[in-house]
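The values are calculated or read from the model by the stated rules, or taken from the named source; none is laboratory data. Quick caveat: nothing in here was measured; it's all calculated off a predicted structure. Glycine also receives a Cβ, built like all others from the backbone with ideal geometry; neighbour counts cover every protein chain displayed. For accessibility, only protein heavy atoms count, side chains too; no ligands or nucleic acids. Shrake-Rupley method; radii C 1.70, N 1.55, O 1.52, S 1.80 Å.
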Amino acid sequence: RYEPTWDSLDARPLPSWFDEAKFGIFIHWGVFSVPSFGSEWFWWYWQKEKREPYVKFMEANYPPGFSYEDFGPLFTAEFFDPNQWADILKASGAKYVVLTSKHHEGFTLWGSKYSWNWNAVDMGPKRDLVAELATSVRNRTDLHFGLYHSLFEWFNRLFLEDATNAFKTRKFPTSKSLPELYEIVTKYQPEIIWSDGDGNAPDTYWNSTGFLAWLYNDSPVRDTVVTNDRWGVGSICTHGGFYTCSDRYNPGHLLLRKWENCMTIDRSSWGYRRDARLGDYLAIEDLVKQLAETVSCGGNLLMNIGPTHDGRIAVVFEERLRQVGAWLKVNGEAIYGTKPWRAQNDTVTPGVWYTFSPKEGKVNAIFLNWPGSGTLELSEPRAKLGETQVKLAGYRELLKWVALGEKGMIIALPQLTPQQLPCQWGWTLQLTDVN
């Protein structure tokens, strides 16, 4: 059994499914999807920081005295079709999904007994959005279902009172945050608890180790659940299950601990933005690059979309997800279930990232630029004459190659028209029998 101490909890082996999955989808959805302007931090930027664009937006579009709480009933979700969402998630090639059950605004997407009249069952959609998505994902896909939960809430009176008392009192975690965590685990049995928002309070204030000990010892998901590292000030990148370290974390080198790069397709926001321009969205080439870099360095990629207040996944997000899925159909063997190789990227040719498939004993070289010369030089593999074989994922015939002394090789790529290429944005060479 795990003790409620970081020494004990950090020694828990991460359930193997998470490392094998490699790729998940993050969904930021909540009342912030109603103004859908600027950022999911809309309430904070408008009311607390009084940032000019947010103040002007409210003055121009809403009557005087309109409060953030007034957005609640406008979060309607009338077009939310959980089966359609599940089908898009499946088409993306992702192996897990993480939904924001509650963001820093405190609004819960389920009918929480601890969030009276500020939840999706009492107001707005009048639906249990968490339950509906969990059911569809489990019935229609093989994705693992996870939940994001914010520990703190910007404007909750109990939290503000505790903060004023330098967190010597613990009214908020005992009456709100912790009961919610126990509630979502017991009710929905998520296999990921993605914690966030420590509110500048230590993990002792949140009783994070006590909750995690219960989660790992006695909860209904004790054998399969994975957690992240955001459990109070100082825990990020230090304690917990896998490390996130910061938003959009992509170190570019191998880490000793399992980590995750959580990032957004919209460069500027996690929630949906009506004011986004096409150039604000990462192109599929960018996403393939992020996936290859992240996985080669031992990480998982958690790619975020923000649905609309009425429950739609915007077409631009759907297109990106389906594009990644199409890429993974061809190149998935270089991603799923792989391990980092002795070299993460090539030192001679830029834009080449390596992974290793342990079952097949294959080295995968994912290259992001198709060379105009028709040949690709790899400085890392040690090829063996008469033994090493090179394949292009999605192409039938073996490729010709020559060794470069002790280490390195030049590979002749097939001469293909753009229509004949196995995929359009990044390709995989599969090398067998290399040292």
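Before moving on, here are some points about what is shown:
- Residues of type lysines that K187 reaches as a straight line, Cα spacing below 17 Å, ignoring anything fewer than 8 places off in the same chain: K102, K113, K176
- Put simply, the amide H of T224, placed in the peptide plane, has no neighbours under 5 Å, leaving out anything fewer than 5 places away on its chain.
- Ordering of 214-220, 351-357 by packing [mean C-beta count within 10 Å, highest first]: 351-357, 214-220
- Share of pairwise Cα-Cα distances greater than 27 Å in the stretch 6-332 is 42 percent (whole percent).
- Over 19 Å [Cα-Cα, the stretch 339-432], rounded percent: 34 percent
- N300 long-range amide H proximity, modeled H, under 5 Å: W259, E260, N261
- Per residue, the accessible area of the chain comes to 42 Å² when a 1.4 Å probe rolls over the protein heavy atoms.
- Chain lengthening between L416 and K391 when straightened (0.36 nm per residue, less Cα-Cα): 7.5 nm
- Qualifying lysines (Cα of each under 24 Å from Cα of K22; at least 8 residues distant if same chain): K90, K95, K258, K289, K329, K339, K359, K362, K391
- For the stretch 205-221, Karplus couplings with θ = phi - 60° (6.51, -1.76, 1.60), whole Hz, Gly/Pro x: 5, 7, 6, 4, 5, x, 5, 5, 4, 4, 4, 7, 9, 10, 6, x, 10
- Seen from every direction in turn and averaged, the convex hull around the alpha carbons of the stretch 45-181 projects onto 10.2 nm².
- Using a probe radius of 1.4 angstrom, the carbon and sulfur fraction of the accessible surface of the chain is 50%.
- Spacing of the modelled spin labels on N217 and E49, each 7 Å from Cα toward Cβ, amounts to 4.1 nm.
- Cut-off 14 Å between beta-carbons: net charge of the residues surrounding D286, Lys and Arg +1, Asp and Glu -1: -1
- Net charge of Cβ neighbours under 11 Å - reference E183; Lys, Arg +1; Asp, Glu -1: +3
- Applying Stokes-Einstein at 4 °C and 1.567 mPa s to the Kirkwood radius of the stretch 17-119, computed over alpha-carbon pairs, gives a translational diffusion coefficient of 82 µm² s⁻¹.
- Judged by the mean number of other Cβ atoms found within 10 Å, the most tightly packed of the peptides 343-349, 170-176, 405-411, 50-56 leads the ranking 170-176, 343-349, 405-411, 50-56.
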